[in-house]
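Please read the structure below before turning to the comments.
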Number of protein chains: 2
Amino acid sequence: MSSSFKFQCQACCSHTQARAGVFSTPHGLVETPRFMPVGTLANVKTVTAAQLQATGAQMVLANTYHLHLQPGEGIVAGAGGLHRFMGWDGPMLTDSGGFQVFSLSKMRKITEEGVTFRSPRDGRLIELTPERSIQIQNTLGADVIMAFDECPPYPCEREVMEASVARTYRWLERCIGAHQRADQALFGIVQGGVYLDLRQQAAASLAQLDLPGYAIGGVSVGEPPELIEKIVKATTPLLPPEKPRYLMGIGTYREMAQAIAAGVDLFDCVIPTRFGRHGAALVQGERWNLRNAQFREDFTPLDASCGCYTCQNFSRAYLCHLVRAKEILGYTLLSIHNLTELVSFTQRIREAILCDRFTTEFAQWLAPAAASV
Amino acid sequence: MSSSFKFQCQACCSHTQARAGVFSTPHGLVETPRFMPVGTLANVKTVTAAQLQATGAQMVLANTYHLHLQPGEGIVAGAGGLHRFMGWDGPMLTDSGGFQVFSLSKMRKITEEGVTFRSPRDGRLIELTPERSIQIQNTLGADVIMAFDECPPYPCEREVMEASVARTYRWLERCIGAHQRADQALFGIVQGGVYLDLRQQAAASLAQLDLPGYAIGGVSVGEPPELIEKIVKATTPLLPPEKPRYLMGIGTYREMAQAIAAGVDLFDCVIPTRFGRHGAALVQGERWNLRNAQFREDFTPLDASCGCYTCQNFSRAYLCHLVRAKEILGYTLLSIHNLTELVSFTQRIREAILCDRFTTEFAQWLAPAAASV
């Protein structure tokens, strides 16, 4: 790992494996635990980089698969890399494209070499291999890049999953061999589906490689949500404590709180902006549909305790009006709030860990499932 | 006119009727000449109030017709009025609904009393009269409200237009009678179509009424664009010089420059945001389609001389990417630039008038038509 990257643990919870830390990257610090907004196509949908910064987000994702198809990594590099292209000067992460190839592409063919699929944009045949994914991510230039992995959907036979985990490990070795830039940290991804022993074996093998960070992938792919906590709890003890841990694709209150209790530091999810574009707000753990008539004459803010631009300046009645009128501004204002809400949820957990009050202050989210977003 | 409203001329052009002034309203000053963005449904499409303020806009419009239908003026009043509802603390203007009733509604019936039409939203029968329009505008609470007028489309027979101008005058008298709030200034609207003598008669009659401001309406309703300048030039000399003059619905470079030369102070148009939502940018008098392949690898800003958020932070290549990917952020960034561009065009004219260099610095826009946006 380049000296540009460092993970420092600042405090550990005395009742759980939760920890508060600081992850240093060439583009600045990420205070953990922290939710990371997703900027699929080099933008977090409907919000500007300035609005994004105001949400408290510190690290932002972009998707290699999407950017390779459109506009192509060459154009991003021509602009001076992803940070310059999208006007985000803070830490960034790109995924490897693995998840999207497996979840979005039709007509894909998987071999030991890699994956071949047809571009959903123009039908052209595209081959993505571990080497190619790393090359694209090196060209895009995010601070953290992810190993190219196989991500089987749920359910998946044990034998199939075993073979897949083994292949993901071989692909990881090829990713490490292909990786060229010392100013980018390559994270490995633990797969294994719902088979806890496979997860543990994968985590133990990856830990040997002394990577700058570790992710838990292949969750939220269709399995019952209550399994997520079990998977995370089985995996984290085998990952090196001095490295950041990232649970991929998760951004719901309960799952984040429980994963933090198991020692996870980073999260991402498209929920805040997707809900926003559907006229929904995340308010203190609940999902509200702003179209509802109950909000038409409600002149209070979405959440009086929230410091976001939306809550500081507009009423539920205004948001209800915008959403009903299908005004794009409604989606923007809701996305700003939703992003702030999830970043702030993890930030408040961080502050609770720092004064060792995590389990008392967040007890409602650490208890087994009730209604959750 | 309440003492809250005052129009002060700061400088007059020595070659034209152009003037630079300051229009005081209860919510602040409007430095003229100035372009006013349109916030039809209590928002300027795709931009937040904060982004709008950064464009240099000082006065913003909203549409009485649209707001009456959705969410209804009662809800706006419940929020504390239009300013509070939409988070815009600066000067605001509402139109009367006249233009929209005539241009958007089907199945309308016009009588001396007013206009009856079916709501395009829910089919319900709505009657809009001069009294009702003023009552709605009093309820919405903008600083400037507009008289309810009849706005015949082009072409229109002279006899029909004569009768319509006479009716618009009678409706104006009823508007004056109905108007209740001293903190709102009621502007009269000069109609008359392309009949310059009718325009002049209307302007002369309205001038007698000593209103706090005057608008020229019924332009850009289908007549040849070169007639706009003729209509404006025929009308302005008959309007009181100590009152602000507003040319409704016009926001193209040449037409604004020529109208300013004829003594007009205020303009509005939906072009900046409509172009933005279509992926087009206004750049120094031209319309660019950002989808064009020529912008794919153009890493320069839209307009290096523009101080807007978009030009200061993003490249044409990024905007091209967002527009091609149909990302909403692209429309927002283009709208921010386009709004800034037109506000700044009128602001630069204002500065030129203040040092009496309007006709030299803006000669290209004062000459008869060439290609114009």
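The values are calculated or read from the model by the stated rules, or taken from the named source; none is laboratory data. Because the structure is a prediction, the values reported are computed rather than measured. Neighbour counts are summed over all protein chains in view; Cβ atoms, including those assigned to glycine, are modelled from backbone coordinates with ideal geometry. Only protein heavy atoms, including side chains, enter the accessible area calculation; ligands, DNA and RNA are left aside. Shrake-Rupley method; radii C 1.70, N 1.55, O 1.52, S 1.80 Å.
Apolar share of the accessible surface for the range B:59-269: 53 percent from carbon plus sulfur atoms, 1.4 Å probe. For the range A:275-290 and the range B:283-338, what is the centre-to-centre distance using only Cα atoms, to the nearest Å? Answer, in whole Å: 31.
Here the accessible area of the range A:271-368 is 47 percent carbon and sulfur, with a 1.4 angstrom probe and all protein chains present.
Dipole magnitude for the protein assembly as shown: about 740 debye, using +1 per Lys or Arg Cβ and -1 per Asp or Glu Cβ, origin at the Cα centre. Coupling constants for the range B:8-17 follow from the phi torsions by the Karplus curve (6.51 cos²θ - 1.76 cosθ + 1.60, θ = phi - 60°), and in residue order they are 10, 7, 9, 7, 10, 5, 7, 10, 9, 8 Hz; glycine and proline get x.
Mean separation of Cα pairs under 8 Å and 6+ residues apart, divided by the residue count of the range A:59-269: what relative contact order is that in percent?
Computed over the range A:59-269, the figure is 15 percent.
Dipole size of chain A about its Cα centre, with +1 on Lys/Arg Cβ and -1 on Asp/Glu Cβ: approximately 740 debye, rounded to the nearest 20. Local charge for A:P368 was computed over the other residues whose Cβ lies under 10 Å away, with Lys and Arg +1 and Asp and Glu -1, and equals -1. The trypsin sites (Lys or Arg not before Pro) of the range A:333-372 meeting both criteria, a DSSP state outside H, G, I, E and B (loop) and at most 15 other C-beta atoms within 10 angstrom of the site's C-beta, are A:R357.
Most simply put, chain B has about 50% antiparallel DSSP beta bridges, counting only bridges with both residues inside it. For the chain pair B and A, buried accessible area totals roughly 3000 Å², probe 1.4 Å, rounded to the nearest 100. Placing a label point 7 Å from Cα along the Cα-to-Cβ direction at B:E361 gives distances to the equivalent points in the other copies of 5.5 nm, listed shortest first. How tilted is helix A:158-178 with respect to the longest principal axis of chain A? Cα atoms for both, answer in degrees (0 to 90, nearest 10). Approximately 80 degrees, to the nearest ten. Expressed as an acute angle from 0 to 90° and rounded to the nearest 10, what is the orientation of the C-alpha long axis of helix B:226-235 relative to the principal long axis of chain B? Between the helix axis and the principal axis of chain B, the angle is about 50 degrees. Rounded, prolate or oblate for the range A:91-227? Axes are the square roots of the Cα gyration tensor eigenvalues, ordered a ≥ b ≥ c, and the cut-off for rounded is a/c under 1.5. Oblate. If you take the Cα centroid of the range A:228-249 and the Cα centroid of the range B:83-113, the two points sit 58 Å apart.
From the Cα gyration tensor of the protein assembly as shown, with a ≥ b ≥ c the square roots of its eigenvalues, which class applies: rounded if a/c is under 1.5, or else prolate if a/b is larger than b/c, or else oblate? Prolate shape, in that a/c is at least 1.5 and a/b is the bigger ratio.
Shown in residue order for the range A:132-141 are the 3J(HN,Hα) couplings computed by the Karplus curve 6.51 cos²θ - 1.76 cosθ + 1.60 at θ = phi - 60°: 5, 4, 5, 4, 5, 5, 4, 6, 5, x Hz (x for Gly and Pro).
Exposure here means at most 15 other Cβ atoms within 10 Å; with GluC sites (Glu not before Pro) in a DSSP loop as sites, the longest stretch of chain B lacking them is B:243-373.
Within the range B:121-226, the trypsin sites (Lys or Arg not before Pro) that combine a DSSP coil assignment with at most 12 other C-beta atoms in a 10 angstrom radius are B:R121, B:R124. Inter-copy label distances for B:R181: 5.5 nm (label point placed 7 Å from Cα along Cα→Cβ; shortest first). Amide H contacts of B:A185: B:V144, B:I145, each under 5 Å away and 5 or more positions distant or on a separate chain (H built 1.01 Å from N in the peptide plane; Pro and chain starts excluded).
Below 13 angstrom from the Cβ of A:C175, what's the summed charge of the other residues (Lys, Arg +1; Asp, Glu -1)?
0
At a threshold of 10 Å², the residues of the range A:50-76 that become less accessible to a 1.4 Å probe in the full protein assembly than in their chain on its own are A:A50, A:Q51, A:Q70, A:P71, A:I75. Using only alpha-carbon positions in the range B:206-310, the gyration tensor eigenvalues give semi-axes of 34, 14, 11 Å once each is multiplied by 5 and square-rooted (largest first). Scanning chain A for the Cβ atom closest to the axis that brings A onto B yields residue and whole-Å distance A:I328, 3. Size of the range B:1-157 from its Cα atoms: along the principal axes, largest to smallest, the extents are 49, 42, 31 Å. Rounded if a/c is under 1.5, else prolate if a/b is larger than b/c, else oblate: which is the range B:300-373, with a ≥ b ≥ c the root eigenvalues of its Cα gyration tensor? Here the range B:300-373 falls in the prolate category.
Given a 1.4 Å probe, how much area per residue of the range A:271-368 is accessible, in Å²?
40
Backbone geometry of the range B:69-81 corresponds, through the Karplus equation with coefficients 6.51, -1.76 and 1.60 at θ = phi - 60°, to 3J(HN,Hα) couplings of 6, 7, x, x, 5, x, 5, 4, 5, x, 6, x, x Hz, x marking Gly and Pro. Here's how it looks for A:A11: its modeled amide H is under 5 Å from those of A:A20, which are all 5 or more places away or on a different chain.
With all protein chains kept in place, the per residue accessible area of the range A:151-195 amounts to 45 square angstrom at a probe of 1.4 angstrom. Here the contact order of chain A, divided by its residue count and restricted to Cα pairs under 8 Å and six or more residues apart, works out to 19 percent. Here the range A:226-279 is assigned +1 on the Cβ of each Lys and Arg and -1 on the Cβ of each Asp and Glu. Its dipole about the Cα centre then comes out at about 120 debye.
What value does chain B have for Rg/Rh, both radii from Cα atoms and Rh as Kirkwood defines it?
0.96
A:E226 sits among other residues whose Cβ lies under 12 Å from its own Cβ, and their net charge, with Lys and Arg +1 and Asp and Glu -1, is 0. Here the range B:15-159 carries DSSP beta bridges of which approximately 65% are antiparallel, counting only pairs with both residues inside. Residues whose amide H lies under 5 Å from that of A:D298, counting only those 5 or more places away or on a different chain, are A:A317; hydrogens are built 1.01 Å from N in the peptide plane. Straight-line cross-link partners of B:K6 among the lysines, defined as a Cα under 17 Å from its Cα and at least 8 positions apart when in the same chain: B:K243. Straight Cα distances below 22 angstrom link B:K45 to the lysines A:K45, A:K326, B:K326, with same-chain residues fewer than 8 positions distant left out. Per-residue ellipticity at 222 nm, computed for chain B from helices alone with -39500 (n - 2.57) per DSSP H run of at least four residues, works out to -11500 deg cm²/dmol.
Per-residue Cβ counts within 10 Å, from other chains only, averaged over A:309-319: what number is that? Per-residue shielding by partner chains comes out at 4.
Here B:P225 yields copy-to-copy label distances, from shortest upward, of 5.5 nm, the label point defined as 7 Å from Cα along Cα to C-beta.
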